[in-house]
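Report on the following structure.
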Amino acid sequence: MRAQIEHLAEVAELPSVRVQVIPFKAGAHPGMNGAFTLLRFDDAQSIVYLENLGGASVTRRRADVCLYEEAFNDLQILAVGPEESLGMIREAIKKH
């Protein structure tokens, strides 16, 4: 696990990557419903990729994409900033 956290810290320092941690004190949030990947394209409609125990799916339906865009925005608001997140990750490395 330590190697994974160290890798996350390395990636978080890349200029093209933004890592934000949602602290436990944030309580329940939309991300607890399961992982999702929101894919945005310059020249095409956004899509959402979902994985679960039953398999994987992709949705392009605008109403669904909007729902996940809202969830993503809510998660960004709940998360601490990149610098504080990196600090939390480094603290986790020390504990492992």
Does region 86-95 contain at least one residue that is outside any helix (DSSP H, G or I), at pLDDT 95 or above and basic (Lys, Arg)? no
Considering every residue within region 34-48, establish whether at least one is under 30 Å from Ile93 (Cβ atoms), more than 15 Å from the chain's Cα centre (by Cα) and surrounded by 10 or more Cβ atoms within 10 Å (Cβ to Cβ). no
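The values are calculated or read from the model by the stated rules, or taken from the named source; none is laboratory data. All values reported here derive from a predicted model rather than from experimental measurement. Virtual Cβ from ideal backbone geometry, glycine too; neighbours counted across all protein chains shown.
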